Amino acid sequence: MKINFKERTVDGRPYETEKKDISLQECLEEIERLYKIYKYSTPSKNDKRKTYFYALPASEMSDAEIVLGENREKARKELELYVLDMICSGVLKWDTKVMKGNWFYQGNDPDLVILRDWLD
(Lines give C-alpha, C1' and ligand atoms only; values in the text may rest on other atoms or scores of the structure.)
Protein backbone atom coordinates (compact mmCIF):
# COMPACT_ATOMS: atom_id res chain seq x y z
CA MET A 1 0.00 0.00 0.00
CA LYS A 2 1.45 3.35 -1.06
CA ILE A 3 0.08 6.41 0.71
CA ASN A 4 0.70 9.95 -0.49
CA PHE A 5 -0.14 12.67 2.04
CA LYS A 6 0.28 15.62 -0.34
CA GLU A 7 -1.89 14.13 -3.08
CA ARG A 8 -4.29 12.54 -0.54
CA THR A 9 -4.14 9.15 -2.27
CA VAL A 10 -3.80 5.44 -1.49
CA ASP A 11 -2.22 3.44 -4.31
CA GLY A 12 -2.79 6.39 -6.63
CA ARG A 13 -6.53 6.61 -5.94
CA PRO A 14 -8.07 9.57 -4.10
CA TYR A 15 -8.77 8.85 -0.44
CA GLU A 16 -12.13 9.94 0.87
CA THR A 17 -13.35 9.86 4.44
CA GLU A 18 -16.06 11.29 6.64
CA LYS A 19 -15.79 14.14 9.10
CA LYS A 20 -14.49 12.96 12.47
CA ASP A 21 -15.57 14.11 15.93
CA ILE A 22 -12.11 14.23 17.47
CA SER A 23 -9.92 17.12 18.60
CA LEU A 24 -6.52 17.92 17.15
CA GLN A 25 -4.95 17.10 20.52
CA GLU A 26 -6.60 13.64 20.60
CA CYS A 27 -5.46 13.08 17.02
CA LEU A 28 -1.85 13.97 17.86
CA GLU A 29 -1.93 11.68 20.91
CA GLU A 30 -3.07 8.78 18.74
CA ILE A 31 -0.37 9.56 16.18
CA GLU A 32 2.20 9.50 19.02
CA ARG A 33 0.89 6.10 20.14
CA LEU A 34 0.94 4.63 16.63
CA TYR A 35 4.37 6.14 15.97
CA LYS A 36 5.84 4.49 19.06
CA ILE A 37 4.55 1.11 17.85
CA TYR A 38 6.02 1.78 14.40
CA LYS A 39 9.38 3.07 15.65
CA TYR A 40 9.96 -0.10 17.68
CA SER A 41 8.42 -2.49 15.16
CA THR A 42 10.26 -5.51 13.85
CA PRO A 43 11.95 -4.77 10.54
CA SER A 44 11.69 -7.20 7.66
CA LYS A 45 14.32 -7.97 5.07
CA ASN A 46 11.97 -6.85 2.29
CA ASP A 47 11.28 -3.44 3.83
CA LYS A 48 13.45 -1.20 1.66
CA ARG A 49 10.93 1.45 0.64
CA LYS A 50 11.20 5.06 1.66
CA THR A 51 8.71 5.99 4.36
CA TYR A 52 7.36 9.17 5.91
CA PHE A 53 8.42 8.21 9.42
CA TYR A 54 11.64 7.00 11.03
CA ALA A 55 11.82 3.53 12.58
CA LEU A 56 14.78 2.04 14.40
CA PRO A 57 17.04 -0.26 12.42
CA ALA A 58 17.47 -3.76 13.88
CA SER A 59 21.04 -2.89 14.92
CA GLU A 60 19.69 -0.27 17.37
CA MET A 61 17.01 -2.52 18.87
CA SER A 62 17.21 -4.93 21.77
CA ASP A 63 16.48 -8.61 21.23
CA ALA A 64 13.22 -8.18 23.18
CA GLU A 65 12.12 -5.27 20.94
CA ILE A 66 12.81 -7.32 17.83
CA VAL A 67 10.99 -10.40 19.13
CA LEU A 68 8.03 -8.57 20.69
CA GLY A 69 7.63 -5.76 18.17
CA GLU A 70 4.76 -5.42 15.73
CA ASN A 71 5.37 -6.28 12.09
CA ARG A 72 6.93 -3.11 10.61
CA GLU A 73 4.91 -3.12 7.40
CA LYS A 74 1.65 -3.48 9.34
CA ALA A 75 2.64 -0.75 11.82
CA ARG A 76 3.65 1.59 8.98
CA LYS A 77 0.33 1.09 7.18
CA GLU A 78 -1.67 1.75 10.35
CA LEU A 79 0.27 4.92 11.15
CA GLU A 80 0.25 6.34 7.63
CA LEU A 81 -3.40 5.48 7.01
CA TYR A 82 -4.43 7.10 10.30
CA VAL A 83 -2.49 10.28 9.44
CA LEU A 84 -4.03 10.38 5.94
CA ASP A 85 -7.51 9.80 7.37
CA MET A 86 -7.06 12.66 9.85
CA ILE A 87 -5.72 14.99 7.14
CA CYS A 88 -8.60 14.21 4.77
CA SER A 89 -11.24 14.51 7.51
CA GLY A 90 -9.96 17.99 8.39
CA VAL A 91 -8.89 17.08 11.92
CA LEU A 92 -5.14 17.16 11.26
CA LYS A 93 -4.52 20.66 10.02
CA TRP A 94 -1.83 23.20 10.80
CA ASP A 95 -2.52 25.07 14.03
CA THR A 96 0.29 27.43 15.02
CA LYS A 97 -0.80 27.36 18.68
CA VAL A 98 -0.48 23.58 18.86
CA MET A 99 2.19 22.83 16.27
CA LYS A 100 4.72 25.42 17.57
CA GLY A 101 6.74 25.67 14.41
CA ASN A 102 6.66 27.06 10.92
CA TRP A 103 7.70 24.08 8.81
CA PHE A 104 7.11 20.95 10.85
CA TYR A 105 5.55 19.57 14.00
CA GLN A 106 7.81 17.57 16.27
CA GLY A 107 6.12 15.15 18.64
CA ASN A 108 7.07 14.24 22.19
CA ASP A 109 9.45 11.76 20.60
CA PRO A 110 11.79 14.06 18.65
CA ASP A 111 11.93 11.49 15.82
CA LEU A 112 8.22 12.00 15.14
CA VAL A 113 7.96 14.77 12.56
CA ILE A 114 4.90 15.88 10.63
CA LEU A 115 5.71 18.31 7.82
CA ARG A 116 3.47 21.32 7.34
CA ASP A 117 3.68 20.63 3.63
CA TRP A 118 1.67 17.41 4.16
CA LEU A 119 -1.18 19.32 5.76
CA ASP A 120 -1.48 22.44 3.57
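The values are calculated or read from the model by the stated rules, or taken from the named source; none is laboratory data. Please read these numbers as outputs of a predicted model, since none were measured by experiment. Cβ: placed from backbone, ideal geometry, glycine included. Neighbour counts: every protein chain shown.
Descriptive notes on the structure:
- Matching residues, the stretch 64-80, being exposed (fewer than 15 other Cβ atoms within 10 Å of the Cβ) and of a type in the set (Gly, Ala, Ser): Ala64
So that you can scan it fast, the table gives a plain yes or no per residue for (1) touching a residue at least 12 places away in the same chain (Cβ under 8 Å); (2) closer than 21 Å to Lys2 by Cβ; (3) among the acidic types (Asp, Glu):
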residue: Arg33; (1), (2), (3): no, no, no
residue: Tyr40; (1), (2), (3): yes, no, no
residue: Thr51; (1), (2), (3): yes, yes, no
residue: Leu84; (1), (2), (3): yes, yes, no
residue: Ser89; (1), (2), (3): yes, yes, no
residue: Met99; (1), (2), (3): yes, no, no
residue: Asn108; (1), (2), (3): yes, no, no
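- Of all residues in the stretch 23-40, none are at pLDDT below 90 and more than 13 Å from the chain's Cα centre (by Cα).
Matching residues to (1) part of a helix (DSSP H, G or I); (2) in contact with a His (Cβ under 9 Å, 6 or more places away or on another chain); (3) over 20 Å from Trp118 (Cβ atoms):
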position: Lys6; (1), (2), (3): no, no, no
position: Thr17; (1), (2), (3): no, no, no
position: Asp21; (1), (2), (3): no, no, yes
position: Ile31; (1), (2), (3): yes, no, no
position: Phe53; (1), (2), (3): no, no, no
position: Arg76; (1), (2), (3): yes, no, no
position: Leu79; (1), (2), (3): yes, no, no
position: Met86; (1), (2), (3): yes, no, no
position: Val91; (1), (2), (3): no, no, no
